[in-house]
Structures are given as structure tokens and as C-alpha cells.
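Down below is the structure, laid out as C-alpha cells.
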Amino acid sequence: MNTTSPEPPAPTVPDTGRIILLTTSHRVAPGLLSWPAWQALRSADRVLCADGAHPQLPYLREAGTAVDESAPTAQELVDACAGGRTVVVVATGEGEPALTDGLARLAGSGRVAMPDLELLPASYDLPGARLLDLVQVMDRIRAECPWSSRKTHEGLAKYAIEEAYELVEAIEDGDRDDLREELGDVLLQVVFHARIAEEDPDAPFSIDDVAGGIVAKLIRRHPHVFGDETASTPEEVKEHWLRTKAAEKRRDSVTDGVPLGQPGLALAAKLSSRVRTAGLEVPLPKVEGIGYDLLALAIRAEAEGVDPEAALRAAGRAYRDAIRETEGH
């Protein structure tokens, strides 16, 4: 006769359910959610959102998802998951820090059986998405700032030159933090001018027109990347670029399009580059003077692959250091 007592049944572990924190990017159009996000929303027992004006709500409801406009505490949310229920929380723009902090405190106490917690990004920022933030910030500054709202293209022109020089200085100094900051300052000039251009009564254009124009130009001038032509060397790429540019501009002279207001050494080097690329033989003016001596030096530098402006800046820095050493610094 078997006298072994039966083992007691194992205690039942309650199903504490699941909390899904659904995050979205304001830089992606509302309703464009990932497939896992739509699956979570459709299978959830309850969907909550603390922000009744959340841009996703109309699209969720149009898709048949019932959303409760509710801001539960951490304990209330845990209780809502009892019995194995799944609750999706559509996060607000701030990311629900109070709720997540409360859940962390409950979990850390060890006194509460916590649901499974999952962070589910429903939409993602693509590269360049922060540019949308810059456009929005510029819109507001243009509308509300007494200084920025009165600026014109002409009034901003000098800042574009200053910022470009500061960018060059950051590059030559090799300071990565300065480089990032100065690139931002140059980018601001582009966005600022484009925002002003939107208000022109006769020929308005926007930052999208600016971006669209340069995208189209880059594609046209890189047929070896976006078309059927081939290029295996930098020289072949430059040839494609110049040929396409010449067809677009239909210039009468190689000097067309060279800005005469740029620094003198850069101007001389640019003219020399145009002459050399076109295969022209142009004698230097037979005039004496420092300006013509500098012209000859700039042309020589360009022919040797040296940027005369950069070379002179480097020499200027060395001279500055010598001055400071003489001063005892």
C-alpha cells in the first residue's frame, strides 16, 4: 500500500500584466506609427493618454482605437494591469517622467508585484530631423523677437561673412567643439535668410525651396552617383561638375560668377583657377606695384595647389606669436 502523501500544489503566481509606454516623435507626421506600435495598440486592454490635445489621438481614434484621456498614478496604473491586462500609455512630449519615476519607486520598494514594463518607440527621428526644430524656433523668433523681426537680407549680410570666417578659423584651429558651434551659426544664417524670404511680396521662397534647389543641383552635377556616367578619380568628378555647371550657366566668360567682393588673394586664386581650367594663356598685367606682386604670388600659389588666403593666415598666426613672444607673453 502506497502511503506517500501527495505533494501540495504549487502556489499560483498572479499575472501582473504589462505596461507599454508608447513614445512618438513630433518630427514625424502623426499617425505614421511603426507596425509593432499598431499591434500593441490594437491588442491592449486599455489605452491611456494624459494629454487630450496629443496630435496622435485623432489618428488613433480614426483607426478604431479607444483612448482614455487619463493621467493615472503609478499605483493606479499597476492596479489597472491586474489579472494579466495590458495597458498602453501614449506618452506626452515630456515622456511621462512623473509616471516613470513613480513606477521606479514602486519597483524599488520590493512590496509591489510589478507588471512587465516595456518602452516602445512608435516613430523615430530620421537623420536631419532636428533641422525641423530649427525651422520652428526660427519661425517663432521671427514673429516675436523685436530685433529679429526687423532684420532684412541686407542687414544680415555682414553676419554671414563673419560666421563664415569664424567657421574657417575653427577648422584651422582643429577645435571640434568650436567647429560644431560655428557650423550651427552658419546654418542659422541660411535658415534666417530663408525665413525672411518667405515674406517677400513679389518673389517669396522658403527653406524647403532652398533645400530642394540644392538637392536638385547636387543630383544633376553627380551623374556618376545618380546617373549612368562613371568617375573613378577626383579629377573625373571635377570634370563632370564643371561640364554640367557650364551647361547650366551658359556663361560668356570664365570670369562670370566670380564674386569680386571676396578677399583679394582669394579673388586672384579663383580667377587663376578659372583660367587654368579653361586652358587659356593670359599674361599678367605689365604694371608695377605691391598689388600686382601679390597677384603674381596668388596665381603661383594656386598653380602649386596652395590656398593663398590660408597660407597668409598661417603666416599671420606665426607673426602674431612672434609679436606676443617679443611682448613677453
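The values are calculated or read from the model by the stated rules, or taken from the named source; none is laboratory data. Keep in mind the model is a prediction, meaning the values are calculated, not measured. Heads up, the Cβs are rebuilt from the backbone with ideal geometry, glycines too, and the neighbour counts pull from every protein chain shown. For the accessible areas, the whole protein counts, side chains as well, though only heavy atoms, and no ligand, DNA or RNA atoms are used. Shrake-Rupley method; radii C 1.70, N 1.55, O 1.52, S 1.80 Å.
A few points about this structure:
- Under Karplus coefficients 6.51, -1.76 and 1.60, residue-wise ³J(HN,Hα) of segment 90-101 in Hz, glycine/proline x: 7, 5, 7, x, 7, x, 6, x, 5, 5, 5, 5
- Protection proxy ranking of 223-231, 92-100 - average other beta-carbon atoms within 10 Å, highest first: 92-100, 223-231
- Span from the segment 186-219 Cα centroid across to the segment 253-329 one, whole angstrom: 32 Å
- Judged by the mean number of other Cβ atoms found within 10 Å, the most tightly packed of the peptides 247-253, 173-179, 310-316 leads the ranking 310-316, 173-179, 247-253.
- Pairs beyond 29 Å (Cα-Cα), from K217/K286; K249/K270; K158/K286; K158/K249: K217/K286; K158/K286
- Phi to ³J(HN,Hα) by Karplus 6.51 cos²θ - 1.76 cosθ + 1.60 over segment 313-321, Hz, x for Gly, Pro: 5, 4, 5, x, 5, 5, 5, 4, 4
- Derived scalar couplings ³J(HN,Hα) [segment 208-223; Karplus, 6.51 cos²θ - 1.76 cosθ + 1.60; whole Hz; x for Gly, Pro]: 5, 5, 4, 5, x, x, 6, 4, 4, 5, 4, 5, 4, 8, 10, x
- Placing unit charges on the Cβ atoms of the charged side chains and taking the dipole of the chain about its Cα centre, the candidate lying farthest along the positive direction among T23, P201, V282 is V282.
- Structure-based [θ]222 nm, the chain - -39500 (n - 2.57) summed over DSSP H runs of at least 4, per residue, nearest 500: -17000 deg cm²/dmol
- Residue-normalised accessible area of segment 259-329, given per residue in Å² at a 1.4 Å probe: 74 Å²
- Rounded to the nearest 20 debye, dipole of segment 22-127 from Cβ charges on Lys, Arg, Asp, Glu: 180 debye
- Counting only Cβ charges, +1 for Lys and Arg and -1 for Asp and Glu, the dipole size of segment 131-202 around its Cα centre is about 400 debye.
- Unit charges at the beta carbon, dipole of the chain: most positive-side option, S34, H54, V137: S34
- Charge dipole (Cα centre; +1 on Lys/Arg Cβ, -1 on Asp/Glu Cβ; no other charges) of the chain amounts to roughly 640 debye.
- Whole-number accessible area per residue in Å² for segment 26-92, which is evaluated in the context of all protein chains at 1.4 Å: 49 Å²
- Carbon/sulfur fraction of accessible area - the chain, other protein chains in place, 1.4 Å, %: 57 percent
- Rolling a 1.4 angstrom probe over the protein heavy atoms with all chains in place gives segment 113-206 an accessible area of 67 Å² per residue.
- Considering only A247, G261, S232, the residue lying farthest towards the positive end of the dipole of segment 218-271 is G261, judged by Cα position with unit charges set on Cβ.
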